[in-house]
Amino acid sequence: MADDGVLIGIADQHLQRLRLDRANRHGLVAGATGTGKTVTLQVLAQGLSDAGVPVFAADVKGDLSGISQPGQPGEKMQARADAMGLTLQPAGAPVAFWDLFGEQGHPVRTTVSEMGPLLIARMLELNDVQEGVLTVVFRAADEEGLLLLDLKDLQAALTYAAENAKALGARYGNVSPATVATIQRKLLMLEDQGGANLFGEPALQLSDLMRTDGSGRGYVNLLAADRLIAAPRLYATFLLWLLSELFEELPEVGDPEKPRLAFFFDEAHLLFRDAPKALLEKVEQVVRLIRSKGVGVYFVTQNPADIPETVLGQLGNRVQHALRAYTPVEQRGLRAAAGSFRTNPAFDTAEAIQALGVGEALVSVLDEKGAPTMVARTLVRPPVSRLGPVTPAERAAVMAQSPVRGLYDQLRDRESAYEMLQAKTAATAAAPAPAEKPARAAREKPSELQSMGEAFAKSMLRSVGSQIGREIMRGLLGGVRRRR
């Protein structure tokens, strides 16, 4: 790899490189199953790592974990390297393994408040009315100082909202207990999918994804997603949350000499499938603006048609593996993929896409002026790390040397909404019953114990006067900024 870029492969005796100073302009790796996308992803990830750029990628099939081990080139790989004039020097990249379920990597968590109502509504597949009620619950919890850290906190807050629907409705609009119950049922379904593992503390610190090792190589952060992908909404929403957090927390750097982080979004079509217009607009906004934070986002998918045009237009660096076009829909996707490249008069782009062999790709990258180069039929270089998954023993050895070992392994459950509401309920139950008064006095001034709904409403009214300075900043996608 040269200092100015990552070697992708060779086209007509010319090297095809991803320029480091244009790597934050985002990219696309596309192609049908079995055409070599994972190998290309591995080549790009390790090349960026060698250049000192930390990488985050989801390991959907488990194959990418081999990047942590030196390669063992076989005859075909060695023959390809020889044909390209390359000398393979087997080496693994520094790797940190992460896993939502804490089985194949360090646990990765966020809090309910940080995720925010919009993304949680997307995860739960809520309609507009249900999302509105969820937003009310978040707002009321903010104003009442109720920390929403894990799912039991959110369940407790929803129960409280149902019991005090009248008081909340008077301030925020109708809060139907039936709607709350629907949200609670969907939360139970999320728990059954393992979603409870995502929420809690200690929450992930973004700085732990942006580490380099002692020799200056960027860490490749691999999220074990072979099990997570079975819950596609959970998978896509988590990665979108992570992307939005990077956007919110990182300072502006313009166009750096190399990215601060490269983010690979595998199975990218899951992010956009059935996404509401408001969410698509937010995704477009994040992708458009996050490059100025020094983050390059690379979408990995089967067909460029899986990605909306507004997002696809932001992806300047493109590697297109073979596509098959047997149906009218596939043919339209093929034409769209071919039309997205700068034409090369030496061949027909649409025909070339169908004729590519395994390990071949059409490549167009941004030049020094930020303009796309002419598309070139490229032989992708073989990786120097292992192709295929690591063994459990190798994974354990990598984790034992991890720079974040011990930081996230133990779940911390501090006092939050669940405990606070339990304590309030217990205190109310333990309060002495008021003395009886004459019936007339009772009619003029009720003597019953003040209801939780009235107490909640009065407390919220008192909070209005002191709201300045207490309002919690919400992030771009509706999350609450982290309480340190």
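The values are calculated or read from the model by the stated rules, or taken from the named source; none is laboratory data. Just so you know, these numbers come straight off a predicted model, no measurement behind them. For neighbour counting, all protein chains shown are included, and Cβ atoms are generated from backbone atoms with ideal geometry for every residue, glycine included. For accessibility, only protein heavy atoms count, side chains too; no ligands or nucleic acids. Shrake-Rupley method; radii C 1.70, N 1.55, O 1.52, S 1.80 Å.
Annotations
- The set of residues in region 314-336 being under 18 Å from Met374 (Cα atoms), of a type in the set (Gly, Ala, Ser) and modelled with pLDDT under 90 consists of Ala336 alone.
- Output for region 260-303, where each listed residue is open to solvent by less than 10 Å² (accessible area, probe 1.4 Å) and in a loop (DSSP other than H, G, I, E, B): Ala268, Gly294
- Region 377-409 - residue that is without any contact (Cβ under 8 Å) to a residue 40 or more places away in the chain and not polar (S, T, N, Q) and, of those, most open to solvent (accessible area, probe 1.4 Å): Pro392
- Answer residue from region 323-340, given it is surrounded by fewer than 21 Cβ atoms within 10 Å (Cβ to Cβ) and of a type in the set (A, V, I, L, M, F, W, C) and is farthest from the chain's Cα centre (by Cα) among those: Ala325
- Tabulated pairs, region 312-327, first at positive phi, second among the hydrophobic types (A, V, I, L, M, F, W, C), C-beta under 7 angstrom, 6+ apart or interchain: none
- Residues that are among the small types (Gly, Ala, Ser) and farther than 16 Å from Ile8 by Cα, drawn from region 365-389: Gly370, Ala371, Gly388
- Selection count, region 240-259, where residues are touching a residue at least 60 places away in the same chain (Cβ under 8 Å), open to solvent by 10 Å² or more (accessible area, probe 1.4 Å) and of a type in the set (A, V, I, L, M, F, W, C): 1
- Unmet criterion (only one of (1) more than 22 Å from the chain's Cα centre (by Cα); (2) surrounded by fewer than 21 Cβ atoms within 10 Å (Cβ to Cβ)) for Ile8: (2)
- Unmet criterion (only one of (1) aliphatic (A, V, I, L, M); (2) within 27 Å of the chain's Cα centre (by Cα); (3) open to solvent by 60 Å² or more (accessible area, probe 1.4 Å); (4) more than 21 Å from Gly34 (Cβ to Cβ)) for Met374: (2)
- Residue that is nearest to Thr40 (Cα to Cα), among those in region 353-371 that are surrounded by fewer than 20 Cβ atoms within 10 Å (Cβ to Cβ), free of Cβ contacts under 8 Å to residues at least 40 places away in the same chain and of a type in the set (A, V, I, L, M, F, W, C): Ala355
- Subset of region 11-55 [of a type in the set (Val, Ile, Thr), open to solvent by less than 20 Å² (accessible area, probe 1.4 Å) and assigned to a loop (DSSP other than H, G, I, E, B)]: Thr35, Val53
- Among the residues of region 304-313, the one identified as in contact with an Asp or Glu (Cβ under 8 Å, 6 or more places away or on another chain) and either at pLDDT 95 or above or not in a helix (DSSP H, G or I) (or both) is Pro308.
- Looking only at region 214-239, and only at residues there that are in a loop (DSSP other than H, G, I, E, B) and touching a residue at least 24 places away in the same chain (Cβ under 8 Å), the one that is nearest to the chain's Cα centre (by Cα): Ala225
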